[in-house]
Amino acid sequence: MTRRFLPLVAVGLLASLAACGGSETEVAPTTTAAPTTTAASITTGAEPPGSDTGPFHAGEPVDLVYISDSGGWEVAERYVELASEALDREVRFHDRRIGGMSMREVPALVRGSLAEVVAEAEIIVLYAQPVGLEYKLPQPNILTCFTAADAVEDPDYSGQWTPGMEWEDRPVVPMVEDWQPYRDVLDEVYDEIWKLRKGRPVVLRAHDIYNGFIAPWREVGIEPECTANWEVEMQVIREAAEANGAVFVSFFDVFNGPNHDEDPRAKGWIDDDGMHANDKGGSIAAEALAAVGFEVSEPPG
């Protein structure tokens, strides 16, 4: 793991522990009161069921659990607000965003401390990175891209790069099949969610992650390879979501454009750390997530 990510893991875990009381302790959800008027026009999906036959029982609050690493920072709170407006009711927010969390940790989390809320929540949002699984990829891989970004933005740390140099260790572009360990754990998480749901429908949403590293990659001449790595990883997230009944939203497309060559830092959507969404970027991501609507998902098959 590069220097860039070590403090983020620590900060994320501390923030999560402070907010949630630890990953194994359930806490009372925060809530957003329903407004007096709806904002269903922000959605493009079908209207949610309003009778007692669907997951949105008339007049009752709904529970929303957001499971993610730091990719959900600055996003979830705004999404809760938008859900409350669109559904015209109170949304109770169950926050499980843990900085640095790997998807490998999520199956145990869903089976353990989150089992009850996942079983009962009407809305579930999912994203977590493949920390540790990158080492199974062809070498050198996406980790080289992070090392290069560190070198550009913290050259005193790396000692490997000076301005004007190109990065010699160009990453190999993997195939989708090379990410099978990540796909396997994604499928496992979805399996656990649907087991807990016991066939009941739920608004199940998945998203990928934006890329804030275009500028340093361009500076060292490895943007094509690193972007291609990112694209393959995001494709795996998309394919897993679609195969498992979730509606997928691409933050990558929203932030980086359809060709994935737009720099979200230049748009003013990335925080000063160069990698996470700021308030504006978080709102944009939340709006993209809400824009697909709140139509329920059905179990695959």
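The values are calculated or read from the model by the stated rules, or taken from the named source; none is laboratory data. No experiment lies behind these values; they were computed from the predicted model shown. Positions of Cβ are generated from backbone atoms using ideal geometry, with glycine treated the same way; all protein chains shown enter the neighbour counts. Accessible surface is based on the protein model in full, side chains and every heavy atom, while ligands, DNA and RNA are left aside. Shrake-Rupley method; radii C 1.70, N 1.55, O 1.52, S 1.80 Å.
Conditions first: (1) in a loop (DSSP other than H, G, I, E, B); (2) crowded, with 18+ Cβ neighbours inside 10 Å; (3) not hydrophobic (A, V, I, L, M, F, W, C). N229 passes all but one, so which condition is the exception? N229 satisfies all of (1) in a loop (DSSP other than H, G, I, E, B); (2) crowded, with 18+ Cβ neighbours inside 10 Å; (3) not hydrophobic (A, V, I, L, M, F, W, C) except (1). Taking the conditions exactly as written (without any contact (Cβ under 8 Å) to a residue 40 or more places away in the chain and out of contact with any Cys (no Cβ under 6 Å at 6 or more places or on another chain)), does D272 satisfy them or not? Judged against the criteria, D272 is a match.
Total residues in region 145-169 satisfying the condition of being under 24 Å from I237 (Cβ atoms) and open to solvent by 30 Å² or more (accessible area, probe 1.4 Å): the figure is 1. One residue alone among V80, V75, V91 is in contact with a His (Cβ under 9 Å, 6 or more places away or on another chain) and closer than 27 Å to W269 by Cβ, and that residue is V75. When D279, D253 are checked against the criterion of being surrounded by fewer than 21 Cβ atoms within 10 Å (Cβ to Cβ), free of Cβ contacts under 8 Å to residues at least 12 places away in the same chain and charged (D, E, K, R), D253 stands alone in meeting it.
Looking at (1) open to solvent by 40 Å² or more (accessible area, probe 1.4 Å); (2) part of a loop (DSSP other than H, G, I, E, B), can you tell me which one I209 breaks? The single condition I209 does not satisfy is (1). Can you tell me which of (1) within 17 Å of the chain's Cα centre (by Cα); (2) farther than 21 Å from G72 by Cα is the one E242 doesn't meet? All conditions are met except number (2). The one condition from (1) open to solvent by 30 Å² or more (accessible area, probe 1.4 Å); (2) touching a helix residue (DSSP H, G or I) at 6+ places or on another chain (Cβ under 7 Å) that D271 does not meet is (2).
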